[in-house]
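What follows is a short report on a single structure.
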Amino acid sequence: MNKKTVLISGGTSGIGKGAAAQLLNDGFNVVTFSIDKKKINSLQKELEKKYSQKQFLILQADVNNEKELSIVVKKTLEKFKVIDILINNAGIGYFSDCDTADMSRFQEMLQINVVGLALLTKLVVPHMKQQKEGLIINIASISGKVALVNGEFYSAAKFGVMGYSQGIRNELKDFGIKVATLCPGMIKTGFLDKKELERRKKLLQGKFPQMLAVEDITRIISLVCNQSKHCDIQDLTVMPF
């Protein structure tokens with residue numbers, strides 16, 4: 001059994017929840033957090049049925065609140081002593097015409113998707129440096145490589161994640177810390193609301209693909225987490241086929 005410890009942001013739904021279950025099955029210790037108390041309680045009950053409480057920890061925290069994130073890191077280290085892997089997964093989406101956009105929603109998305117990601121990384125990296133090894137996986141998107149109609153705001157955030165990831169990859173490699181980005185296409189989760197899905201179907205004129213399943217992504221996350229020491233998986237793009 002792999003006794004490494006993984007910290008996942010936004011792990012109570014979607015990719016984060018799937019990754020938590022996958023990595024628990026792989027034998028990792030898993031810590032995750034969310035701002036949503038109801039989802040936290042639901043996940044706690046769900047995991048208690050399958051896994052020992054010695055193997056996981058679920059906390060409540062806002063990815064934009066440095067004090068709360070510091071407590072998450074502190075409690076993770078108190079229980080498991082190390083943070084071997086950080087998965088920056090928490091994020092939201094905003095899609096709009098450029099000339100009718102609600103800029104406050106755009107700023108909120110940037111704050112969560114980019115600033116929150118960087119803030120949690122800032123708090124975890126010193127411990128990885130001390131350990132002289134670590135892995136950071138930033139969940140980006142195909143939108144971090146290609147900008148679509150009405151997707152310019154989301155792409156701005158995800159291009160930011162890609163740029164930040166490339167920078168810290170170069171900065172942290174001498175400390176034994178790897179940085180990977182995962183860029184999936186559309187995934188069947190609750191991330192895209194009905195209105196946005198209908199807009200995309202209309203835009204693609206009947207060529208709307210079968211969406212990826214959460215399990216497609218969590219298997220890849222497992223692969224990255226279980227890579228050998230002499231491997232360095234840096235960037236993966238996964239599209240519906």
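Any read-out appearing in this document is the output of simple, stated calculations on the displayed coordinates, not a laboratory observation. Predicted model only: the values in this text are computed from it and were never measured. Reconstructed Cβ throughout: ideal geometry from the backbone, glycine too, with neighbour counts over all protein chains shown.
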Quiz item: Given the Cα-Cα distance of Leu77 and Asp99 and 0.36 nm per residue of separation, how much length would full extension add, in nm?
Solution: 3.3 nm
Practice problem: Under 16 Å Cα to Cα from Lys54, which lysines show up? Leave out anything in the same chain fewer than 8 places away. | Solution: Lys3, Lys4, Lys45, Lys75, Lys79, Lys81
Quiz item: Summing Lys, Arg as +1 and Asp, Glu as -1, what charge do residues with Cβ under 13 Å from the Cβ of Val63 carry, Val63 excluded?
Solution: -3
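Stokes-Einstein at 37 °C, 0.692 mPa s, Kirkwood radius from Cα pairs: D for the stretch 1-83 in µm² s⁻¹?
The Stokes-Einstein estimate is 262 µm²/s.
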Quiz prompt | Pair Asn25, Val115: separation of 7 Å Cα→Cβ label points (nm) | solution = 3.8 nm
Quiz item: Sequence-distant or interchain residues sharing an amide H contact under 5 Å with Leu86, placed H: which?
Solution: Leu7, Leu135, Ile136, Ile137
Quiz item: Out of residues 5 or more away from Ser96 or on other chains, whose amide H comes under 5 Å of its own, with H placed 1.01 Å from N in the peptide plane?
Solution: Glu152, Phe153
Quiz prompt | Peptide ranges 26-32, 99-105, 129-135 listed from the most packed, as the mean C-beta count within 10 angstrom indicates | solution = 26-32, 129-135, 99-105
Quiz item: Among His127, His230, which comes first, second and so on when ranked by fewest other beta-carbon atoms within 10 Å?
Solution: His230, His127
Exercise. Using just the alpha carbons, could you tell me how many Å³ per residue the convex hull of the chain encloses?
Key: 125 Å³
Quiz item: When the Karplus curve 6.51 cos²θ - 1.76 cosθ + 1.60 is applied with θ = phi - 60°, which whole-Hz ³J(HN,Hα) does each residue of the stretch 48-60 get, with x for Gly and Pro?
Solution: 4, 6, 10, 10, 6, 5, 6, 9, 9, 8, 10, 10, 10
Practice problem: For the stretch 92-108, just list the computed ³J(HN,Hα) in residue order, Karplus coefficients 6.51, -1.76 and 1.60, θ = phi - 60°, integers in Hz, with x standing in for Gly and Pro. | Solution: 10, x, 9, 10, 6, 5, 5, 9, 10, 5, 8, 5, 5, 6, 4, 5, 4
Exercise. Quote the FRET efficiency, to the nearest 0.05, computed for Gln166 versus Glu133 with a Förster distance R0 of 22 Å and r equal to the Cβ-Cβ distance.
Key: 0.65
